[in-house]
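> The structure is given below, and queries will be raised subsequently.
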Amino acid sequence: MKIEQHMPADPIHEVVAECRKFLKNEIRDHVLEADLKKDTNWVNHVWQKSRQLDLPILLIPEAYNGAGFSQCSCALLLDLISSECAGIASVFALHFAGCIPFLSADENQQRSFFSLLSDDNNRKSALISPVFPSETDGHRLEVEEQNSGLVISGTTSLAGNALAADLFCLFIEDGDTTGEDITCVVLKKETPGLSLGRAADFPGLKTNAFAPIILDRVIVDKQAIIGKRKQAKAIMENAKNSLFRFVAATAMGAARNAYEKAAAYARRRYQFGKMIIHHQQIQRMLGSMQMKLSMGTAGYLNSFGDKEMILPFSKPKPALVKVFCTAVALEIVFDAIQIHGGYGYMHEYGLEKTMRDTKVLQLMLGRNPKCQIDVIAGELQNDR
């Protein structure tokens with residue numbers, strides 16, 4: 001008698017299957033209206049519902065009641081979420097990146113921080129907003145040392161998840177202007193002296209409010225400092241690289257949505273005696289879109305690997321992965337709009353929203369040309 005051995009299913013496959021149902025029930029029918037209204041309350045509703053799938057705690061180790069998933073698995077889910085709404089996906093992308101520094105905290109800090117995200121006794125899982133120093137907008141925080149910790153004043157650069165966040169993970173330039181001395185602090189939204197500035201009116205990602213954080217002599221105790229003061233640059237770079245990859249995955253999800261809409265429309269649009277998908281020019285465009293989707297997806301997935309092959313540049317740098325994926329995603333969306341003709345610019349088709357969202361993704365963590373310059377500038381600095 002033949003005995004069948006059933007191997008346990010990969011957890012990521014189960015989460016993807018449940019996530020598809022979640023996206024269909026909670027996002028698909030509401031996304032265009034939420035985009036028009038800039039509905040951040042809807043974001044809170046989606047966040048609450050997502051806890052049923054453990055999405056907010058995917059990166060938290062199992063030892064702290066988390067799911068213990070890899071960053072690559074999170075990127076795949078961001079790709080899937082973005083195929084319905086890049087704005088919602090960006091909320092999760094920033095949150096996942098905000099979880100990364102906690103993995104470098106000491107045991108007591110991890111127990112404290114992770115409990116805010118995974119403790120069933122809490123009303124909801126905390127939403128994190130990571131805030132990085134900007135070299136272009138002139139914002140620089142002032143830091144004073146006190147016996148109990150630090151006193152911080154000033155205004156940060158624009159932070160994603162700002163209006164919905166419960167925790168802010170701030171990376172502060174805490175020394176000279178070289179950017180080498182970085183301090184990482186975690187602040188709760190209700191911290192005395194902390195307030196939010198006016199939300200930016202971006203053309204895309206409208207469900208994710210970006211706003212500066214205003215700090216008026218905010219007292220930070222030592223327990224809220226991750227790592228050692230002025231020695232958190234590696235922690236910051238790790239979080240930034242993760243966010244680069246997550247943004248790339250989000251861009252590919254948005255592009256995947258555009259491609260699927262364009263292919264479906266080409267199969268039902270009749271013109272000049274046949275469905276337009278049978279015209280070679282349409283086939284060429286769809287083939288080009290598929291190529292860019294495949295290469296972009298392979299690029300962000302490969303960036304999570306640890307090994308570099310014999311050939312130079314075989315492991316892509318996270319910043320360049322973000323640049324490539326957001327660039328080709330916008331090209332895919334443009335082609336999808338062109339295939340739709342005039343309908344592509346109508347809000348109810350969703351493509352013009354995807355175009356706006358993808359363009360704003362290009363701005364996250366710095367404009368694409370700036371990211372390319374930073375990569376080479378970093379290599380030159382290492383050559384010294």
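> Tell me, please, whether a residue that is part of a helix (DSSP H, G or I) and surrounded by fewer than 21 Cβ atoms within 10 Å (Cβ to Cβ) can be found in the stretch 81-102.
No, that holds for no residue.
> Can you tell me which residue is modelled with the lowest pLDDT among those in the stretch 303-347 that are of a type in the set (S, T, N, Q) and surrounded by fewer than 16 Cβ atoms within 10 Å (Cβ to Cβ)?
It comes out as Ser314.
Quick grid of which residues meet (1) of a type in the set (Asp, Glu); (2) within 30 Å of Gln381 (Cα to Cα); (3) modelled with pLDDT under 95; (4) surrounded by fewer than 22 Cβ atoms within 10 Å (Cβ to Cβ):
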{"position": "Thr178", "(1), (2), (3), (4)": "no, yes, yes, yes"}
{"position": "Ile182", "(1), (2), (3), (4)": "no, yes, yes, no"}
{"position": "Lys189", "(1), (2), (3), (4)": "no, no, yes, yes"}
{"position": "Asp201", "(1), (2), (3), (4)": "yes, no, yes, yes"}
{"position": "Asn208", "(1), (2), (3), (4)": "no, no, yes, no"}
{"position": "Ile225", "(1), (2), (3), (4)": "no, yes, yes, yes"}
{"position": "Lys230", "(1), (2), (3), (4)": "no, yes, yes, yes"}
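> Could you list all residues from the stretch 298-356 that are over 18 Å from the mean Cα position of the chain (by Cα) and of a type in the set (Lys, Arg)?
Matches in the stretch 298-356: Lys307, Lys315.
To keep it simple, each residue is scored yes or no on (1) outside the structural domain of Ile27 (by TED's automatic domain parsing); (2) within 23 Å of the chain's Cα centre (by Cα); (3) within 23 Å of Cys85 (Cα to Cα); (4) not acidic (Asp, Glu).
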| residue | (1), (2), (3), (4) |
| --- | --- |
| Cys169 | yes, yes, no, yes |
| Ile172 | yes, yes, no, yes |
| Leu196 | yes, yes, no, yes |
| Ala209 | yes, yes, yes, yes |
| Ile219 | yes, no, no, yes |
| Ile226 | yes, yes, no, yes |
| Phe246 | yes, yes, yes, yes |
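> Please state which of the following conditions Met275 fails to meet, knowing it meets all the rest: (1) modelled with pLDDT under 95; (2) within 26 Å of Pro369 (Cα to Cα).
That leaves (2) as the condition not met.
> Among residues belonging to the stretch 31-56 that are in contact with a Phe, Trp or Tyr (Cβ under 8 Å, 6 or more places away or on another chain) and surrounded by 16 or more Cβ atoms within 10 Å (Cβ to Cβ), point out the one that is nearest to His95 (Cα to Cα).
The extreme case among them is Pro56.
> Condition test on Ser157, is it of a type in the set (Gly, Ala, Ser), assigned to a strand (DSSP E or B) and not assigned by TED's automatic domain parsing to the domain that holds Glu33?
no
Conditions (1) within 24 Å of Cys99 (Cβ to Cβ); (2) small (Gly, Ala, Ser); (3) in contact with a Phe, Trp or Tyr (Cβ under 6 Å, 6 or more places away or on another chain); (4) not in a strand (DSSP E or B), marked per residue:
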residue	(1), (2), (3), (4)
Thr183	yes, no, no, no
Val186	yes, no, no, no
Thr191	yes, no, no, yes
Ala199	yes, yes, no, yes
Leu205	yes, no, no, yes
Ala209	yes, yes, no, yes
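> Further question: Looking at the stretch 294-384, what helices (runs of 4 or more DSSP H) fall wholly within it and have at least 3 residues that are under 17 Å from Ala262 (Cα atoms) and in contact (Cβ under 8 Å) with a residue 40 or more places away in the chain?
318-340, 351-361
> Kindly provide the set of residues from the stretch 145-162 that are out of contact with any His (no Cβ under 8 Å at 6 or more places or on another chain) and modelled with pLDDT of 90 or more, ordered by number.
Listed by number, the residues that qualify are Leu150, Val151, Ile152, Ser153, Leu158, Ala159, Gly160, Ala162.
> Can you name the residue in the stretch 103-129 that is outside any loop (DSSP other than H, G, I, E, B) and either of a type in the set (Gly, Ala, Ser) or modelled with pLDDT of 95 or more (or both) and is also surrounded by the most Cβ atoms within 10 Å (Cβ to Cβ) among such residues?
Of everything passing the filter in the stretch 103-129, Ser129 is surrounded by the most Cβ atoms within 10 Å (Cβ to Cβ).
> Moving on to the next point. Sort through Arg267, Arg245, Arg256 and tell me the only one that's free of Cβ contacts under 8 Å to residues at least 40 places away in the same chain and assigned to a helix (DSSP H, G or I).
From the options Arg267, Arg245, Arg256, the qualifying one is Arg267.
The values are calculated or read from the model by the stated rules, or taken from the named source; none is laboratory data. Since the model is a prediction, treat every value here as computed from it, not as a measurement. Counting neighbours? That spans all protein chains shown, and the Cβs are built from the backbone with ideal geometry, glycine included.
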